[in-house]
Amino acid sequence: MGEGRVQRERMEYDVVIVGAGPSGLAAAIRMKQLAAAGERELGVCIVEKGSEVGAHVLSGAVFEPRALSELIPDWRERGAPLVTPVAEDRFLLLTRTRSLRLPTPPQMANHGNYIISLGNLCRWLAQEAEGLGVEIYPGFAAAEVLYDTAGRVTGVATGDMGIGKDGRPTDRYQPGVELIGKQTLFAEGCRGSLTKTLEQRFRLRDGIGPQTYAIGIKELWEADPARHQSGLVIHTIGWPLDAATYGGSFLYHLEDRQVAVGFVIGLDYKNPFLNPFEEFQRFKTHPAIRPFFEGGRRIAYGARALNEGGFQSIPLLDFPGGALTGCAAGFVNVPKIKGSHTAMKSGMAAAETVYRRITGEPSAEVRRALEESWVWDELRRVRNIRPSFRWGLWAGLAYSALDTYVFRGNAPWTLHHHPDHRQLMRASEARPIEYPRPDGKITFDRLSSVFVSNTNHEEDQPPHLRLRHPEKAIAVNYRLYDSPEERYCPAGVYEIVRQARGEPYLQINPQNCVHCKTCDIKDPEQNIDWVVPEGGGGPNYPNM
Ligand SMILES: Cc1cc2nc3c(=O)[nH]c(=O)nc-3n(C[C@H](O)[C@H](O)[C@H](O)COP(=O)(O)OP(=O)(O)OC[C@H]3O[C@@H](n4cnc5c(N)ncnc54)[C@H](O)[C@@H]3O)c2cc1C
Ligand code: SF4
């Protein structure tokens, strides 16, 4: 314990869950349902780093209600915020000036699905969970995994509040709390900061393909009523990306004149000059897209990484004292562009398994339960589609058609992935990219965008973006790759300051961070370690 710090309080539960996303909340609800059916008392708590449930949740989102219907069959009667059924799917190939409508791939057909705010669904799920007796603590970040002397996970500790930049307690100091659980579920979402440490400690990725990722950047607009078509779903591929870069856009028309628009780019992109934020801004100026925003108003902005590794990249999920669930492990179905339904189902499977562990079957395995569920079959069938795009857009599309229509997901081979951070080419070999200036109406700059993400961090705290080797920021990133973090960070957190005299240096502005985790993933030397800041810090998304 450091100077001036006091003993942490301990709170004991049967199950501790880290993260109130769809996976953690579904797990908590399932656990309480099982306890009620078995007439048992079961203490379940969730700790959430956002200032409220949903504050850090960002998704498209077209939602497939399969897992929700299994969890809460009467969700309609109970008022779940699924009010906009998908009415029409359009799949467009863009060139610089034209758009060509393609047949919608079967995985992207959304009949029976809903356009939602995932943040709002989480808020509703949190009410359902609390109604069943789950204790939810928003504004508290799990900062440390706790172990017993045998190396078994016994829970987590929330971070201390009120530690200054210099590492000393300030007058705001409040010690963290130890949340002790018979079982602990980690539902931190994509690239969880504690999940990373568990994967290493328990070697959960040994013999498994590397996880791969994309960055998704999103805006929410209030559209001109004349241009809004409730239930319309548009996906595009092609421009402004070149054929070597994987990615595309989504444009979903929700209720109340809202349009969710976003751009997703695979983090295996090669050109260090590529700027995902600017690609997104440029996309909105396409003649087939721009009219949707004319006369409208942007109301929110945010960004988040998502998993793309799929079936080949699912790690071992079980370890002594707990398990991984949801996007912390990685269950996104990439061709469907959906991970919420699989995140929920994996949370439910984890809850069922953990309940069995607590009630007398200590060797029950979450991975086994998932292998027997529809999640496994769904992900196995599409496993070759995303990796085929490393041959480029055209070969990827051709292979995907073959894999879907001829092999029907049963090809007798499995394509492999490569780690995203190793894919960047040197700046000296890459083509610099010029981006147009924002017009402040349809396109914007990063700082005004971060402003509408309502991001806020206590300034006097130790940095939550840590360089393992500070000297590499210049010696490697700047000299070899022209500091790609200046461009891939959607919040402008990283800035190279070029001085008239002396060496340039990297300035980090952690208070702007929207917790997307891209820097933790894409840094070529894995030199950036994202750890949780003080609980409650980060974006405050209203309904992303
Ligand atoms: C741009 C984009 C578009 C997408 N579109 C769709 C779509 O249309 N349809 C679809 O089904 N899926 C979509 N997805 C995927 C979907 O959003 C995810 O699969 C889903 O959110 C995963 O749920 P989760 O509960 O595992 O994680 P998350 O939703 O990420 O939730 C994790 C929660 O844990 C909290 N947390 C993390 N670490 C800690 C910690 N240490 N302490 C305390 N709290 C912590 C976070 O703040 C967060 O609230 C999209 C994703 C993105 C990024
Ligand atoms: S600092 Fe890292 S995690 Fe934060 S917004 Fe930038 S890229 Fe995302």
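The values are calculated or read from the model by the stated rules, or taken from the named source; none is laboratory data. Since we're looking at a predicted model, the values are computed, not measured. Every residue, glycine among them, receives a Cβ derived from its backbone with ideal geometry; neighbour counts consider all protein chains shown. Side chains are part of the model used for accessible areas, which takes the heavy atoms of the whole protein and leaves out ligands, DNA and RNA. Shrake-Rupley method; radii C 1.70, N 1.55, O 1.52, S 1.80 Å.
Can you give the local net charge around residue 268? Use residues other than it whose beta-carbon is closer than 12 angstrom to its beta-carbon, Lys and Arg +1, Asp and Glu -1. Please report the intermediate quantities before stating the final value.
Working: positive: 270, 386, 390, 422, 522; negative: 308, 420.
Net local charge, residue 268 excluded: +3.
Tell me the per residue accessible area of the range 147-281 using a 1.4 Å probe; a whole number in Å² is fine. Numbers along the way, then the final one.
On the way: 4550 Å² over 135 residues.
Dividing the accessible area of the range 147-281 by its residue count gives 34 Å².
Among the DSSP beta bridges whose two residues both lie in the chain, what percent are antiparallel, rounded to the nearest 5? Mind showing how you got there, number by number?
On the way: 59 of 86 bridges.
For the chain, the DSSP antiparallel bridge percentage is about 70.
Show me the ranking of peptides 318-325, 193-200, 294-301 by mean Cβ neighbours inside 10 Å, starting with the highest. Don't skip to the answer; put the middle values down first.
On the way: 318-325: 25.8, 193-200: 19.4, 294-301: 17.5.
For the peptides 318-325, 193-200, 294-301, the packing ranking is 318-325, 193-200, 294-301.
Could you state the number of Å between the C-alpha centres of the range 323-381 and the range 471-538?
First find each Cα centre; the distance between them is then 34 Å.
Please work out whether the range 145-202 counts as rounded, prolate or oblate from its C-alpha gyration tensor, where a ≥ b ≥ c are the square roots of the eigenvalues and a/c under 1.5 means rounded, while otherwise a/b larger than b/c means prolate and anything else oblate?
prolate
Can you give the local net charge around residue 370? Use residues other than it whose beta-carbon is closer than 12 angstrom to its beta-carbon, Lys and Arg +1, Asp and Glu -1. All intermediate terms of the calculation are to be shown ahead of the outcome.
Values: positive: 345, 367, 368, 380; negative: 318, 352, 365, 371, 372, 377, 378.
Summing Lys and Arg as +1 and Asp and Glu as -1 gives -3.
Which translational diffusion coefficient, to the nearest whole µm²/s, is obtained for the range 221-292 from the Stokes-Einstein equation, given a Kirkwood hydrodynamic radius over C-alpha pairs, 25 °C and 0.890 mPa s? Mind showing how you got there, number by number?
Numbers: Rh = 13.0 Å.
Calculated translational D: 188 µm²/s.
With charges set only on the Cβ (+1 for Lys and Arg, -1 for Asp and Glu), what does the dipole of the chain come to about its Cα centre, in debye to the nearest 20? Write out the running numbers ahead of the final one.
On the way: 63 positive and 65 negative charges, 316 e Å.
With only Lys, Arg, Asp and Glu charged at Cβ, the dipole is about 1520 debye.
Can you give me the Cα centroid spacing of the range 144-205 and the range 17-41 in angstrom?
Centre-to-centre distance over Cα atoms comes out at 21 Å.
I'd like to know how the range 353-436 sits against the 2.2 N^0.38 Å rule of thumb: what's its Cα Rg over that expected value? Mind showing how you got there, number by number?
Working: Rg = 20.0 Å, N = 84, 2.2 N^0.38 = 11.8 Å.
Taking N as the residue count of the range 353-436, the ratio is 1.69.
Going through the range 1-82, which GluC sites (Glu not before Pro) have at most 10 other Cβ atoms within 10 Å and a DSSP loop state?
Numbers: sites: 3, 9, 12, 39, 41, 48, 52, 70, 77; in loops: 3, 39, 41, 52, 77.
Answer by residue number: 3, 39, 41, 77.
Leaving ligands, DNA and RNA out of it, report the carbon-plus-sulfur percent of the accessible area of the range 314-397 at a 1.4 Å probe. List each step's numbers first, then the result.
On the way: 1410 of 2670 Å².
Percent of accessible area from carbon and sulfur atoms in the range 314-397: 53.
Over every pair of different alpha-carbon atoms in the range 407-542, take the mean of 1/r and invert it; report that Kirkwood radius in Å.
After inverting the mean inverse Cα-Cα distance, the result is 17.2 Å.
Between residue 405 and residue 294, what length comes free when the chain is fully extended (0.36 nm per residue of separation minus the Cα-Cα distance, one decimal in nm)? Working shown, then result.
Details: separation 111, 0.36 × 111 = 39.96 nm, distance 3.91 nm.
Between residue 405 and residue 294, full extension yields an extra 36.1 nm.
Using 0.36 nm times the number of residues separating residue 208 and residue 394, minus their current alpha carbon distance, what extension gain do you get? Intermediate results must be reported in sequence, preceding the final value.
Details: separation 186, 0.36 × 186 = 66.96 nm, distance 2.81 nm.
This chain segment gains 64.1 nm when fully extended.
Rounded to the nearest Å, what's the spacing between the alpha carbon centres of the range 75-119 and the range 221-271? Just the number, please.
Centre-to-centre distance over Cα atoms comes out at 11 Å.
How much net charge surrounds residue 507 when only the other residues with a Cβ under 12 Å from the Cβ of residue 507 are counted, with Lys and Arg +1 and Asp and Glu -1?
Its environment carries a net charge of -2.
Tell me which DSSP H helices of the chain clear both cut-offs, 24 Å or more of axial length from alpha-carbon atoms and a mean Kyte-Doolittle hydropathy of at least -0.5. Before the final figure, lay out the partial values.
Details: long enough: 340-358 (27 Å, -0.24).
Passing helices, by number: 340-358.
Normalized C-alpha radius of gyration of the chain, against 2.2 N^0.38 Å?
On the way: Rg = 22.6 Å, N = 544, 2.2 N^0.38 = 24.1 Å.
My calculation over the Cα atoms of the chain gives 0.94.
How would you classify the range 1-52 from its alpha-carbon gyration tensor, with a ≥ b ≥ c the square roots of the eigenvalues: rounded for a/c under 1.5, else prolate if a/b is greater than b/c, otherwise oblate?
Values: a/c = 4.72, a/b = 1.75, b/c = 2.70.
Oblate, because a/c is 1.5 or more while a/b does not exceed b/c.
Assign one of three labels to the range 69-143, namely rounded, prolate or oblate, based on the Cα gyration tensor with a ≥ b ≥ c the square roots of its eigenvalues; rounded applies when a/c is under 1.5, prolate when it is not and a/b is larger than b/c, and oblate otherwise. Provide the component values of the computation, followed by the final result.
On the way: a/c = 3.66, a/b = 1.97, b/c = 1.85.
Cα axes put the range 69-143 in the prolate bin.
If you project the alpha carbons of the range 141-294 onto their three principal axes, what span does each projection cover, largest first, in Å?
Here the Cα extents, ordered largest to smallest, are 62, 43, 34 Å.
Grab the Cα-Cα distance for residue 416 and residue 496, subtract it from 0.36 nm times how many residues apart they are, and report the gain in nm with one decimal. If you can, show how the numbers build up before the last one.
Values: separation 80, 0.36 × 80 = 28.80 nm, distance 3.53 nm.
Length difference between fully extended and current span is 25.3 nm.
Bins of 5 Å, beginning at zero and ending with the bin holding the largest distance: percent of Cα pairs per bin for the range 1-157, please.
2, 8, 14, 16, 15, 13, 10, 8, 6, 4, 3, 2, 1, 0
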